[in-house]
Structure formats: structure tokens, C-alpha cells
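Taking it in order: structure first as C-alpha cells, then the write-up.
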């Protein structure tokens, strides 16, 4: 069941990321084409491309949590033994979770204010733009919960425990 | 608690460094240390949402995913191999042939893609095995690949230059053109050191390619080699903004791969889009959360305070440039390029303008400096990529790398103290800067 859920989230996220990126390319290309071929520039292309960029970066950041590919420095981390690394990973995960929580909380809090604003050219409400933050932070939290599960499983696994104690000697 | 409330800025920077040290992702470290600042100063947390969205909501920054995507498509469509063939026929006959080919390939690739790491991986995969077969020590092959890959972001198009331009409201076009001459200097310098090595260590050379062979190689690569002309020409003539030029490069590369060479299939496109989102998010998530951090630095008037201190202690611009270069080289050993650009720009750029240093000149110097930092251990992305793709150990690699490293430092010194090397091209093309 949880495996199925994870798979559904994975595939949906990948699909959303790729199609949003594709849409940004098309919209921007349309902007250039419009100006030079049809001689009829429209104002909203620049705006929509920027708004989609907010989405693609936030969703992509969630994807990077899944792949563990965010940029970090592991210079000092590698100096720790397995037990120390386990604790550090727990702290890192918790800090990330706290950030995701704040982004969801504040992101939802700002919604009523932002809902009254509309974008200059396309006239869509800014809710469409700002909701990228809490939505993506929600997906980030989803993947972080999974990492907690992996971490605690590793802690309970007696084999890993043995291994760790051997390393400590 | 009172102590923290009195020194919120110091606390924030302390938290940032502590978090970075224990492998917290840089973006999260920036976000959480800024949040801590907001909490102790009793400010509204909602600022984090506004600054994040406004930092991402930028048309200039969109050039980053586009240049990454163009590079992805280029690698998938086999265009890179065609460029290597061109380089081979042009410089293969010089003593140390394949090492020169490596340098020239990096120069050509740099003119088409904006991502140095993927260029390095590409040349590494293709050229290092061939070089080894012809008698080059593998660490040497890896070292010249890494050293020449630093040209990627100096020769336009360039992702770091887009970042510098967007963060500091500088003309990305000028920064691009500013990199042209330093990039060619790097090519010349690296080829000179390769030539010297080749004589001393008796490296192989190829037979000279016939005119017909050169012609064939050029014919096979002429369409992709038009890409830099489209990008730079389009910007030069004022037809495109850098972002638009980047999207045109994407469309052109996709057209070449799908319609002309017929090497790109639908699943390639999906894969390229996903890879692009991954690389973009890694860079831009840092930019996003640096928004609040930058806001706080401004609120605390860090620039003003540092500026007063500096002007009291550092008299000449030349000395300031020296100190800043040394600082960047030192920090470059530990932090990656994007982090440093995002973290330092808001403070450093206003400072150098106090000293009358041209920000375009300084932007190019900074990017070159930080690219050299990508080579240095313990944290050097370029070295990591090359070491893992070529499967070489660090010590022999560094032994081969240091003369090339010195060449790059010499170029850095030259462009730091001869601004003309950077500024003459953009000034000639786009006119003198006003003000």
C-alpha cells in the first residue's frame, strides 16, 4: 500500500516536472516566434514563463529530496563513524522537516492576502504562483517522512547495530 | 536568549556555518538560519514565502534551465562527438596531439553548453580512454580534462554568469562577452603548457589531417557549430534577450537532433527535461532560500558596515582585488560555485563599486576565480566529476594538475589587473557602458 502510494507520487511528480519544464520552453519559444514571425507580441508569455519557473524549481526541489541530490558539504560528515553519521542524518532530516513545515504553514497563511492580487499581464490570481511553495513543501515532507522510516529501520536492524559497534572499536 | 537577541546577525551566520558543516543542504541551512533570525528579532515569518517566490520569479534566471537543457540535448544527439572530430583534425598533428584536442574540444563545447560539469563528464568519457591508449598517463588525461573544463562558464553561454547578472542586476550580455577573451587566453595558456609537457615527456602526435578530412569534419559539425553564433549574434544584434537566445538554442539543438541527425527520440526528450529540472532545482533552490538571507543582510546594513571597515583599512582597489581573489580561492576549497555566488554577491558587488571597480569586470574575475576553486580539494566539483568518470586517484591527479592550475591562476591575475582583457569585447560590441 505504502509502496503503491510512493510510486504514484513519484510518477506524478516526474510527469509534472517534465511537462512544466516543457511548457516553459514552449511558452518562451512562442514569445520569440510571436515577435519575429507573427509580429504580434503578447504580454503574458514572459509572466507565465516566470510563474511556471517558480513551480518547476519548487517541484524539482522535492524531487531532489527523493534523489538525495541537494547540494551539501560532506567533508566533516565523513569524519564521523556510522553512529555519529546516523545522529547527524537525523538532525539534518529534522531541520529540513522544520523548514518544510514553516513553508507549508506560512505558505497557507499568506493565501488569503495573495488571493486578492492579480498578475499584471495575464490577470490570473497570484494564488496560482504562491501555492507552489506549500504544495512542493508538502511533497518534500512526504519524502522526508520516508527517510525517517529508513533511518529508524536502520537503527532497529540488529545486523546494522552489530556492524556499527564493530566500527566503533 | 538576551545575548542572541542582541546579536541576531552573528547568530544567523554561526548557525549557517554549523549547519553547512554537518551536511545540511545549503538551501536548508540558509533557510533555517534566516528563520532563526526572524524568530529572535520577533519579525514576521511570512517573509520567507515572499522572498522565496520573488527570487524565483525572474525571467533572466530562466536562461539557466534553457542552457542546461540545450547541453543535455546536445550530449544525447551525438553532437559532442562531431565536435571532437573537428578538434582532432585541427590540432591532432601538434606535438601532444590528443591533449590539445582535449583543450580545443572543451573550448568548442563551452561555446554551446552552459554547464561545465556535464561538459567535463562528456570529454572525460570519450577522450580519456583514447588518450590512455596512445600512451598518456591516465592522471594526466584526467587533469587536462578538468583544467580545460573550467573554461566552460567563462566562454559564453554560461550559467554562473547568468546567476551573477540576475542577482546583481548586471547585463548578462556584457558578462557573456566579457568572458570571450579570458576564455581564449585560457585555451592558449593550456595549449602552451601541454606543448611544453609534450616535448619534455615525448607525447605522441597524429599525422596531419588532409584538407579533405578537415573539410569533412567541419561539414559534419557545421550546423551545431552555428549554435554559438545564433546565441551571441542574436544577443549582439539586440534580437534576443539572453533568456530568449537560450530557448532558441534549445529549439535549434532539438531540431538538429530530431530532424537532421535523427538521434533524439521522444523518451530522450522526457529524460532531458527531467535531468534539466533536477540540475536547475539544485541550483535555484539555493537561490530561492537565499532570498530571505539577502534581505536580512540588507536590513542589517552589512554592506555599509563592511564598507566602512574596508575603506579604513584597504586603500587601493588593486589591494582589494587581491584580498578578494585570495578570499574566493580559499572559500572555493570548501564551498561550491553557486553557493558562493549567491552568498557573497549581495555584499561584494556594492563594495567593489565603492572602489570604482567595474562590476562587469569583477563579475568575470569572480566567476573565473570560483571556477578555479572547483578544481581544488577537498571540495571541488570539477575534480570529483573527472576523478569518478576517469577512475583516477587524487594524489597522482593533483601532481599532474598543478602546472595547469598555475596557468589558470596566471590568467586570473592577468584579467584581474588588466580590465581591458575583459571589457574590450563587450564595449566594442555593445558600446561603452554609461555611468
**Report entry** Options B:404, B:366, B:382; residue that is in a helix (DSSP H, G or I) and over 16 Å from the mean Cα position of the chain (by Cα)
**Finding:** B:404
Report summary line: Expected single match for without any contact (Cβ under 8 Å) to a residue 40 or more places away in the chain and surrounded by fewer than 20 Cβ atoms within 10 Å (Cβ to Cβ) among B:201, B:205 is B:201
Report task. State which residue pairs qualify: first residue farther than 16 Å from residue A:120 by Cα and more than 12 Å from chain B (Cβ to nearest Cβ) and inside segment A:38-54, second residue surrounded by fewer than 22 Cβ atoms within 10 Å (Cβ to Cβ) and modelled with pLDDT under 95 in any location, beta carbons under 9 Å apart, and separation of 6 or more residues or different chains. Result -> A:40/A:34
Report task. Answer yes or no as to whether residue B:60 is within 14 Å of chain A (Cβ to nearest Cβ), assigned to a loop (DSSP other than H, G, I, E, B) and either crowded, with 17+ Cβ neighbours inside 10 Å or modelled with pLDDT of 90 or more (or both). Result -> yes
**Report entry** Matching residues in segment B:275-313 - criterion: being within 14 Å of another protein chain (Cβ to nearest Cβ) and either assigned to a loop (DSSP other than H, G, I, E, B) or within 25 Å of residue B:41 (Cβ to Cβ) (or both)
**Finding:** B:285, B:286, B:287, B:288, B:289, B:290, B:291, B:292, B:293
Report task. Kindly indicate whether residue B:212 is more than 26 Å from the chain's Cα centre (by Cα), closer than 30 Å to residue A:53 by Cβ and away from chain A (no Cβ under 14 Å). Result -> no
Report task. Give segment A:58-91 a look and list any residue that's in contact (Cβ under 8 Å) with a residue 60 or more places away in the chain and within 7 Å of another protein chain (Cβ to nearest Cβ), or say none. Result -> A:61
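Table: residues versus (1) part of a helix (DSSP H, G or I); (2) under 13 Å from the mean Cα position of the chain (by Cα); (3) under 19 Å from residue B:71 (Cα atoms).
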position: B:127; (1), (2), (3): yes, no, yes
position: B:139; (1), (2), (3): yes, no, no
position: B:147; (1), (2), (3): yes, yes, no
position: B:184; (1), (2), (3): yes, no, no
Query raised in the report: Any idea which residue in segment A:2-18 is surrounded by the fewest Cβ atoms within 10 Å (Cβ to Cβ), counting only those that are within 14 Å of chain B (Cβ to nearest Cβ) and touching a helix residue (DSSP H, G or I) at 6+ places or on another chain (Cβ under 8 Å)?
Result: A:10
Query raised in the report: If you take the residues in segment A:92-106 that are facing another protein chain (nearest Cβ under 8 Å) and crowded, with 17+ Cβ neighbours inside 10 Å, which one is nearest to residue B:22 (Cα to Cα)?
Result: A:92
Query raised in the report: Taking the condition closer than 17 Å to residue B:292 by Cβ and away from chain A (no Cβ under 13 Å), does residue B:40 pass?
Result: yes
Query - Top-ranked residue of segment B:156-176 - restricted to ones that are modelled with pLDDT of 90 or more and part of a loop (DSSP other than H, G, I, E, B), ranked as nearest to residue B:231 (Cα to Cα) - result: B:171
Report task. Assess whether residue B:272 counts as being within 8 Å of chain A (Cβ to nearest Cβ), over 18 Å from the mean Cα position of the chain (by Cα) and surrounded by 24 or more Cβ atoms within 10 Å (Cβ to Cβ). Result -> no
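The values are calculated or read from the model by the stated rules, or taken from the named source; none is laboratory data. A quick note: this is a predicted structure, and the numbers were derived from the prediction, not measured. Note that we place each Cβ from the backbone using ideal geometry, even for glycine, and neighbour counts take in every protein chain shown.
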